[in-house]
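The structure under discussion appears below in the form of structure tokens.
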Amino acid sequence: MDKKNFEKKYVGKDSTLQQKIKQQQENYISQKSKRETLPKNNVSRESLLVENNENENDINEKLDNIMNAIKSNNFSVNQNFIQGNKNNKTENKFENFSNKNPLRNYFRRPGISIKLPTNYLYYEENDIELTPMNELEIYPMTISDELILKNPDSLSNGSALEKLLISCCPGIRNPRKILNPDFDAILLGIRYSTYGKNMDIDTTCPKCGKENSFSIDLYILLENMKYLDEKPYLYVEDNLKITLKPYSLVTTISITKFAFEQSKLLMILNNESTPDEKKSELIDSITEKMTNFQKEVVLESIESIELPDGSIVMEKEFIKEWIENCPSSYINVLDNKINELNTIGVDKDFDAECTGCGNKWKQKISYDPTSFFLKR
């Protein structure tokens with residue numbers, strides 16, 4: 001290893017010690033001429049004395065250890081070790097950097113690279129690291145990833161999905177910012193990378209009730225994805241231009257949790273043993289929660305509102321107040337447009353035909369992570 005690489009790797013490019021090593025390189029060589037020939041990576045004893053004000057015996061001992069490490073090329077020199085610490089001398093250690101796993105070249109590799117459906121319109125520059133082809137690399141799952149997806153609690157609070165994205169898509173810096181259409185495409189890519197291009201789906205014919213099994217080609221689904229060309233927007237009657245965005249992963253998780261909670265309330269409501277008075281309270285509670293949640297989802301899906309004079313409002317507190325005070329028809333229109341926006345990307349259904357009666361219908365594909373990876 002040459003002197004330049006040694007200093008860069010073991011000392012640090014902004015280190016004061018590094019500058020002193022450069023300045024006193026020749027002095028050290030001349031003073032240590034009787035010492036056996038060493039590589040060019042020579043560390044000056046004088047520079048250490050100046051830096052630490054330690055006694056010469058301590059510096060000599062450290063210097064010998066450093067030189068032995070350099071010659072054997074087995075250790076990285078920790079800058080704190082070189083500078084020294086009088087109160088913690090026994091705790092200074094070398095960090096072994098030569099223990100490279102010979103199997104490293106056989107670790108998992110990216111199974112597929114895809115372009116995300118939202119076309120990166122909503123992400124900041126450092127949110128996602130892409131290939132030169134503007135695609136995201138997707139790795140197959142590990143055994144740990146598979147186990148995480150079997151934990152109901154981790155799935156319900158979203159931590160399992162975040163860990164899955166971190167593991168299988170190291171290019172994603174902040175999983176919580178991933179948008180719903182992109183997330184569905186990524187799930188498809190993870191499934192493809194882990195189990196191959198085919199996925200079997202069992203379903204019942206809605207006409208004759210016969211059980212049918214279909215094999216879906218995931219690669220074709222990925223190839224036929226629909227992409228955004230621009231951020232979608234719409235105008236409402238007041239000539240307000242509202243720019244929308246798809247659900248984020250956080251919002252998607254919130255929707256799933258809310259639906260689960262409401263389903264439990266509906267079960268109580270439909271229970272014949274529930275008193276009528278209690279049912280009335282539940283109906284009021286469910287209605288209020290659904291209304292408030294709908295407004296929260298709409299708020300999260302509005303990126304900005306442009307006024308007729310061209311000024312743009314992006315502050316969430318102002319947009320929230322507008323949602324609270326605008327006509328309900330606006331919210332209904334926005335809600336429909338937002339739902340439509342979240343269907344871009346991969347197809348959510350396929351053409352099915354019953355092997356018994358020949359009936360044809362559109363069969364939905366569930367991208368629910370709790371079941372999506374169970375199909376093989």
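The values are calculated or read from the model by the stated rules, or taken from the named source; none is laboratory data. Computed from a predicted model, the values in this text were never measured in an experiment. For neighbour counting, all protein chains shown are included, and Cβ atoms are generated from backbone atoms with ideal geometry for every residue, glycine included.
Scan (1) under 30 Å from residue 332 (Cα atoms); (2) exposed (fewer than 13 other Cβ atoms within 10 Å of the Cβ); (3) hydrophobic (A, V, I, L, M, F, W, C) for the single condition residue 143 breaks and write down its number.
It is condition (1) that residue 143 fails.
Residues 243, 252, 287: which one is surrounded by fewer than 16 Cβ atoms within 10 Å (Cβ to Cβ) and out of contact with any His (no Cβ under 8 Å at 6 or more places or on another chain)?
Of the residues listed, the single one that is surrounded by fewer than 16 Cβ atoms within 10 Å (Cβ to Cβ) and out of contact with any His (no Cβ under 8 Å at 6 or more places or on another chain) is 287.
Could you list, in sequence order, the residues of region 344-376 that are in a loop (DSSP other than H, G, I, E, B), touching a residue at least 60 places away in the same chain (Cβ under 8 Å) and either touching a Pro at 6+ places or on another chain (Cβ under 9 Å) or over 25 Å from residue 227 (Cα atoms) (or both)?
Residues satisfying the conditions are 344, 346, 354, 355, 356, 357, 359, 375, 376.
Against the definition (within 25 Å of the chain's Cα centre (by Cα), farther than 19 Å from residue 219 by Cα and of a type in the set (D, E, K, R)), how does residue 340 come out, yes or no?
yes
Go through region 301-319 residue by residue and tally those that are crowded, with 16+ Cβ neighbours inside 10 Å and touching a residue at least 24 places away in the same chain (Cβ under 8 Å).
Going through region 301-319 one residue at a time, the tally reaches 6.
Go through (1) farther than 30 Å from residue 310 by Cβ; (2) assigned by TED's automatic domain parsing to the domain that holds residue 314 and name the single condition residue 218 misses.
Going through the list (1) farther than 30 Å from residue 310 by Cβ; (2) assigned by TED's automatic domain parsing to the domain that holds residue 314, residue 218 breaks only (2).
It is to be established whether one or more residues within region 273-292 are closer than 30 Å to residue 204 by Cα and of a type in the set (Asp, Glu).
There is no residue in region 273-292 that is closer than 30 Å to residue 204 by Cα and of a type in the set (Asp, Glu).
Give 260, 293 a once-over and let me know the one that is within 28 Å of the chain's Cα centre (by Cα), closer than 30 Å to residue 345 by Cα, surrounded by fewer than 16 Cβ atoms within 10 Å (Cβ to Cβ) and not assigned by TED's automatic domain parsing to the domain that holds residue 121.
One residue alone meets the criteria, 260.
In region 107-138, which residues are on the phi < 0 side of the Ramachandran plot and loosely packed, with under 12 Cβ neighbours inside 10 Å?
Those that are on the phi < 0 side of the Ramachandran plot and loosely packed, with under 12 Cβ neighbours inside 10 Å: 107, 109, 124, 125, 126, 132, 133.
Any residue in region 201-217 that is of a type in the set (A, V, I, L, M, F, W, C), surrounded by 14 or more Cβ atoms within 10 Å (Cβ to Cβ) and in contact with a helix residue (DSSP H, G or I) (Cβ under 7 Å, 6 or more places away or on another chain)?
Scanning region 201-217 turns up no residue that is of a type in the set (A, V, I, L, M, F, W, C), surrounded by 14 or more Cβ atoms within 10 Å (Cβ to Cβ) and in contact with a helix residue (DSSP H, G or I) (Cβ under 7 Å, 6 or more places away or on another chain).
Can you pull out the residues in region 166-224 that are assigned to a loop (DSSP other than H, G, I, E, B) and under 26 Å from residue 121 (Cα atoms)?
The answer is 169, 170, 171, 173, 174, 178, 224.
Looking at this structure, is residue 261 within 28 Å of residue 183 (Cα to Cα), at pLDDT below 90 and of a type in the set (D, E, K, R)?
Answer is yes for this residue.
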